[in-house]
1. Classify the stretch 133-273 as rounded, prolate or oblate from the Cα gyration tensor: take a ≥ b ≥ c as the square roots of its eigenvalues, call it rounded if a/c is under 1.5, otherwise prolate when a/b beats b/c and oblate if not.
2. Take the solvent-accessible surface of the protein heavy atoms, probe 1.4 Å, and return the percent of it on the chain that carbon and sulfur atoms account for.
3. If you plug each phi of the stretch 164-169 into the Karplus form 6.51 cos²θ - 1.76 cosθ + 1.60 with θ = phi - 60°, what whole-Hz ³J(HN,Hα) values come out, in order, with x for Gly and Pro?
4. When only C-alpha pairs under 8 Å and at least 6 residues apart count, what is the relative contact order of the stretch 58-158, in percent?
5. With unit charges on the beta carbons (Lys and Arg positive, Asp and Glu negative) and the dipole taken about the Cα centre of the chain, which residue among Ile17, Val167, Gly219 sits farthest to the positive side?
6. Just grab the label-to-label distance for Thr217 and Asn295, each label 7 Å out from Cα along the Cβ direction, in nm (one decimal).
7. If amide H atoms are built 1.01 Å from N in the plane of the peptide, which residues on other chains or at least 5 residues away come under 5 Å of the amide H of Glu130?
8. Could you size up the charge dipole of the stretch 35-81 around its Cα centre, putting +1 on the beta carbon of Lys and Arg and -1 on that of Asp and Glu, and report it in debye to the nearest 20?
Amino acid sequence: MVDMQKKQMLAIELAGIKMDTPLIGASGTFGNGEEYDDFVSWSSVGGISVKGITLEPRRGNPGQRVLETASGILNCVGLQNPGVHVFVKEILPRIKVYNTPIIVNINGNTVYDYEQITEILSDYDIDGIEVNISCPNTKAGCMAFGVSAEGAASVTKAVKKHAKVPVIVKLSPNVTDIAEIARSVEDVGADSISLINTLLGMGVNTKTWRPILGNITGGLSGPAVKPVALRMVWEVAKAVKVPVVGLGGINNALDVVEFMLVGASAVQIGTANFINPQIMDDIADGLYEYLNAHNLKHINELVGQMKL
């Protein structure tokens, strides 16, 4: 009875994707789901945003790729993945057995890359596409697509042209006006927006006086970025009409409540999975308890209800 009530209170629909909970395993930290199969109850997982894929296989960056910080981690893995063809033929059939929505995170160095990946994915049974626009645009001096409204819109428009499933655009926080970029992708058809991707950071070895990471800089994630993520989700949720997915430093149920109060309809859990592989179960239980304690009948009652 409790399990049924819990499911009724936590189940949501995100841009047409039906989920048992608003909790999505974040790309890059939840792998393809297989890594957590022995730890998590799939009824707690609303969806999986798989490890980012590219058109061709990538080996990733050389040297040290991960650095623990005071309140999170820096990473410069470099999108290591086997490529979209291996993903759809070998990995996708294995992870479909989890009976949870599969959202494919896609990456490219040109608009053509994104188009090609989306075309290939259109022949397979997936539930959504998450577009990583933090990738370097090799035709524009390697400036990330996501740092300009024009670049973000160009990728989104190309993906929407070929996609047969909802398109979620993942925004970079390394910008001056994130609301402007959010509006630009909404204007060309984005079905949902997720944010934030990692903040750019670095670490230095004081013994060798050299950068610690092999790529010199890396993406910062974990609790340290949560205040920035909350602020940006709030700004974007006010600026667009499509549903927003919040992520960045979520460690417990109350963190999720904060993100939903500022306007997120769903959230992604990332770095916390490394600390506690059962974190999704703990958060789902915590959300159920919070709703009951506050006499709320459904998780959606929290969305955008922050009082000013």
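1. Cα axes put the stretch 133-273 in the oblate bin.
2. On the way: 7220 of 13880 Å².
Here carbon and sulfur together make up 52 percent of the probe-accessible area.
3. Values per residue, Gly and Pro as x: 10, 10, x, 10, 9, 9 Hz.
4. With pairs under 8 Å counted, the relative contact order is 20 percent.
5. Ranked along the dipole, the leading option is Gly219.
6. 5.1
7. Placed amide hydrogens put Val104, Asn105, Ile106, Ile168 under 5 Å from Glu130.
8. Numbers: 4 positive and 5 negative charges, 54 e Å.
For the stretch 35-81, the charge dipole is close to 260 debye.
The values are calculated or read from the model by the stated rules, or taken from the named source; none is laboratory data. These numbers come from a predicted model, not from an experiment. Glycine gets a Cβ as well: all are built from the backbone with ideal geometry, and neighbour counts include every protein chain shown. For accessibility, only protein heavy atoms count, side chains too; no ligands or nucleic acids. Shrake-Rupley method; radii C 1.70, N 1.55, O 1.52, S 1.80 Å.
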